[in-house]
1. Among what's in the range 183-200 and is within 9 Å of the ligand (Cβ to nearest atom) and among the polar types (S, T, N, Q), pick the residue that is farthest from the chain's Cα centre (by Cα).
2. Considering each residue of the range 244-292, count those that are out of contact with any Lys or Arg (no Cβ under 6 Å at 6 or more places or on another chain), assigned to a loop (DSSP other than H, G, I, E, B) and not β-branched (V, I, T), and give that number.
3. Just to be sure I understand, how many residues within the range 293-316 are assigned to a helix (DSSP H, G or I), farther than 23 Å from W89 by Cβ and without any contact (Cβ under 8 Å) to a residue 40 or more places away in the chain?
4. Are any residues in the range 106-153 surrounded by fewer than 21 Cβ atoms within 10 Å (Cβ to Cβ), over 28 Å from I385 (Cα atoms) and touching a strand residue (DSSP E or B) at 6+ places or on another chain (Cβ under 8 Å), and if so, which ones?
5. Look at T221 and say whether it is away from the ligand (no atom under 12 Å from the Cβ), farther than 28 Å from G162 by Cα and of a type in the set (V, I, T).
6. Select from the range 201-210 the residues that are touching a strand residue (DSSP E or B) at 6+ places or on another chain (Cβ under 8 Å) and within 12 Å of the ligand (Cβ to nearest atom) and write down the one among them that is nearest to P122 (Cα to Cα).
7. Do you know which residues across the range 139-182 are among the hydroxyl-bearing types (S, T, Y), more than 12 Å from the ligand (Cβ to nearest atom) and touching a residue at least 60 places away in the same chain (Cβ under 8 Å)?
8. Which pairs turn up if I take residues in the range 438-459 that are farther than 30 Å from T247 by Cα and look for partners that are in a loop (DSSP other than H, G, I, E, B) and not β-branched (V, I, T) with beta carbon separation below 7 Å, at least 6 apart in sequence or on another chain?
Amino acid sequence: MESPGRQVDMNCNKSKFRMPDIIAKKRDGEELSTQEIEWFVEKMPSVDDSQIGAFLMAMYLKGLSRDETAALTKAMQNSGDVLHWPPEWKGLVVDKHSTGGIGDKISLPLAPALAACGMKVPMISGRGLGFTGGTLDKLESIPGYRVDVAEKDMLPILEQVGCCIVGQTSNLVPADKKLYATRDVTATVASLPLITASIISKKAAENVNSLILDTKFGKGTFMKTIEEGRQLAKSLVTVSNALGIKTTALLTDMNSPIGCTAGNALEVAEAIQCLQGSGPDDLRELVCQLGGHLLFISGKADSPADGIATIQTTLQDGTACAKFQAMLVAQGVLSSIAERLCQSKLDQVDDVWKVLERAAYTTELQAEQCGYVQSIDALALGKVILELGAGRSVAGADIDYSVGFRLLVKVGSQLKIGQSWISMYHNTSPLSEDHILRLQCGLVIGLDKVTPPPRVHEVITAD
Ligand code: IUR
């Protein structure tokens, strides 16, 4: 019997496909052809929402093979503009993607560090939603920073500076916008092939030669177990390489916050510390490891260790910081502000308030027992600052750049009773009892000495 429903473009001369047949085929667990997947993505603007939802659910339940996922990713890449770069940049155009976490400000030092190594980094980033912060929000806490850079204006910035960090333009991977919005309302977000196609199609549309992925697992990210993180990393690496992008993933621990700070302006300050060769060790290690592996797969370092040392040098000799300063100016920040931010010594993170918006109140919380810090629950802390205004619970909401926290201890630190362990930056006072309780519960103190777990657990390369 013929399936009911609007029949999309029956007369399309490319094929005789019908949406109900494609949905049924996937519903019954069969493999779709590349042509069927391409047809679906091409016709998506005129496909009924109910059919897109049903197809997504069929893909969610039955999965997609490697070839199907690669075909979907490629078709999505080609659904809008694909960026083009001068031929002499071949091999130099690189980017990084992170699956996101609390205190994840890695892109801010990494993009300029790579530019300082001669790479071209057209980084297209996102905004934060929920407890994960967004790179664009962090940068917008710097007065004047513009994220809405047109594609044609990226070229001169990349020529002169070597990196830019911008928002997604309206015609880059429009298929992902439609699919992501529909996944959101049809309980089909958490699907490995759909996440893979969504992430890699956007990087492929940037037309990068090499890509490094920071695939996180743990409390402060959406892949809670190491095995879930590993499966996502493998899927991303396999499909990205199948599309011709040299790709490696690092599987990294996101149980405790990265660095010491979370919250937009505070994270900018910490990123600049990193660019000045100081700041928290774990942040610097992640920047160097991600950058080092990326230089290696791009053929610009003889080994990952060689690449790591090269990135480390750019942080120590000021060349990465100079690139960051130049990028800020190229993206709208007054040169006096950019200079003040990048050239004043930020060993005291509080100095940042001379340039950036300052929270009205700072409250320190004290340890309620003595011992060693066993764990710091990134998610618990991230949710509190989200509620205090550092993030948005719904897309489009305003955020308060000055809200956040600064940890005064790390996992493994020894603490005395009454010793301060966190500074909260907030604009409503006092902190509520509920917030204080949840923050205190986020710090686990015990008598056992603890060695902090390594941030990088595994390096996942193409088979
Ligand atoms: N980020 C993306 O770009 N796509 C996704 O599907 C998810 C995160 I989940």
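1. S191
2. So the count comes out to 10.
3. Number of matching residues: 5.
4. Correct list: V149 only.
5. No, not satisfied.
6. By that ranking, first place goes to K203.
7. S141, Y145, T169
8. Between residues of the range 438-459 that are farther than 30 Å from T247 by Cα and residues that are in a loop (DSSP other than H, G, I, E, B) and not β-branched (V, I, T), the close pairs are Q440/E368; G442/D377; I445/A367; I445/Q369; V450/G412; T451/G412.
The values are calculated or read from the model by the stated rules, or taken from the named source; none is laboratory data. Just so we're clear, the structure is a prediction, and the values are computed from it rather than from any experiment. Every residue, glycine as well, gets a Cβ built from its backbone with ideal geometry; the counts of neighbours run over all protein chains shown.
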